[in-house]
Ligand code: ADP
């Protein structure tokens with residue numbers, strides 16, 4: 001089983017001609033609302049690929065929470081430990097996507113800020129084969145879940161996003177850490193000059209394995225002091241919102257299926273790319289059948 005512990009939001013996605021600059025007002029071409037949040041998205045990505053998935057999260061007691069529950073039920077994600085907070089609304093996010101597919105996001109944490117690592121939450125992670133974690137809930141919750149997961153032999157996949165400094169102990173408890181290039185720069189306090197330097201910097205940070213995602217440039221896997229470039233699948237990107245989450249969820253799914261990290265990363269490249277070809281986050285995630293066709297393309301590209 002894959003257990004994703006963390007955030008769930010109601011996303012308000014706005015298509016805009018250009019992202020508003022300070023002091024500017026822009027008119028949106030369209031607006032849509034749907035369930036999101038990094039941990040929900042990662043759970044959905046793993047579930048759509050065929051994984052057995054549980055989401056552990058906290059919502060408010062409001063209409064947004066009811067939308068979340070309906071979506072979880074429709075997806076077949078276990079939601080017994082999606083807890084309800086009476087004093088905070090369900091988290092929300094306001095996402096502007098411009099004509100080039102670039103995005104700007106404001107998140108209101110709401111009930112996510114109240115998710116704590118209670119015994120109930122810890123019990124979920126020790127039952128898991130793979131635990132997906134991201135940083136939209138209190139750091140203490142993430143650290144405690146990672147500790148319990150690692151102690152019980154579960155593989156912890158940590159997406160260091162949105163970036164914040166984390167204790168070394170948390171990094172040591174991770175099987176793999178996933179960062180994009182901005183998060184890498186913050187993690188290493190500077191962008192290292194080359195991938196060999198990055199490998200050394202990650203090693204100094206106490207990270208055993210890492211994947212750096214590079215958008216349309218694919219990703220780089222770091223393991224045992226070595227680095228391997230994994231190419232992106234070439235696609236016509238219309239909205240990269242949630243590509244990183246599709247990628248992380250697919251890595252978790254691959255590991256739960258018993259794939260090695262390189263094979264899981266290749267699978268995730270396909271999932272991330274496909275997610276960029278359609279608007280929205282979760283609405284754009286592929287099933288295993290859709291991804292299968294895509295991965296054949298990836299192989300053909302590597303051969304060519
Ligand atoms: P984040 O959304 O967290 O910043 P990235 O933009 O690096 O993450 O995207 C995560 C992964 O999704 C990439 O490593 C890549 O595999 C895939 N991906 C994202 N954007 C594209 C794109 N334009 N074309 C192909 N693959 C993409």
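Quick note: the coordinates plus some simple rules give every number you see, no bench work behind them. Worth saying up front: this structure is predicted, and the values here are computed from it rather than measured. Quick reminder, even Gly has a Cβ in these numbers, built from the backbone with ideal geometry, and neighbours come from all protein chains shown.
For a label point 7 Å from the Cα of residue 80 along Cα→C-beta, name the residues of the stretch 1-38 whose backbone N is under 15 Å from it.
1-4, by backbone N distance to the label point.
What order do you get for 59, 116 when you list them from fewest to most C-beta neighbours inside 10 Å?
116, 59
Just rank 12, 182, 148, fewest to most, by other beta-carbon atoms within 10 angstrom.
So the ranking, lowest neighbour count to highest, is 182, 12, 148.
Of the beta bridges DSSP finds with both residues in the stretch 58-156, what % are antiparallel, to the nearest 5?
Roughly 60 percent of the beta bridges in the stretch 58-156 run antiparallel, per DSSP.
Ranked from highest to lowest mean number of other Cβ atoms within 10 Å per residue, what is the order of the peptides 106-112, 165-171, 42-48?
Result, highest mean first: 42-48, 106-112, 165-171.
Under 1.5 on a/c is rounded, so check that first for the chain, then, if it is not, pick prolate when a/b is larger than b/c and oblate when it is not; a ≥ b ≥ c are the square roots of the alpha carbon gyration tensor eigenvalues.
Taking the square roots of the gyration eigenvalues as a ≥ b ≥ c, the chain is rounded.
Using the basic label-point model (7 angstrom from Cα toward the beta carbon), what is the residue 260 to residue 105 distance in nanometres?
It works out to 3.2 nm between the two label points.
How big is the gap, in Å, between the Cα center of the stretch 1-54 and the Cα center of the stretch 121-143?
After rounding, the separation between the Cα centres reads 20 Å.
How high is the relative contact order of the stretch 112-188, given as a whole-number percent (alpha carbon pairs under 8 Å, six or more residues apart)?
28 percent
Run the quick spin-label model on residue 52 and residue 28: label points 7 Å from Cα toward the beta carbon, then report their separation in nm to one decimal.
Once both label points are built, they end up 3.9 nm from each other.
Running a GNM on the chain with Cα contacts under 10 Å, which residue among 253, 163, 285 ends up with the highest mean-square fluctuation?
163
Please work out the FRET efficiency for the pair residue 119 and residue 289, using the Cβ-Cβ distance as r and a Förster radius of 45 Å; give the result to the nearest 0.05.
That pair, residue 119 with residue 289, gives E of 0.70.
Of the beta bridges DSSP finds with both residues in the chain, what % are antiparallel, to the nearest 5?
45 percent
Work out, step by step, the length gained on full extension between residue 139 and residue 190: first 0.36 nm times the residue separation, then minus their alpha carbon distance; give nm to one decimal.
Taking 0.36 nm per residue and subtracting the Cα distance, the gain is 16.1 nm.
Tell me, 61, 119 in order of fewest to most beta-carbon neighbours within 10 Å?
Arranged by neighbour count, lowest to highest, 61, 119 become 119, 61.
Quick one: compute the contact order of the chain, relative version, from alpha carbon pairs under 8 angstrom and 6+ residues apart, as a percent.
About 18 percent, as a whole number.
Just to be sure I understand the model, the point goes 7 Å from the Cα along the line to the Cβ. What's the resulting residue 234 to residue 172 distance in nm?
Taking the simple label geometry, residue 234 and residue 172 are separated by 4.6 nm.
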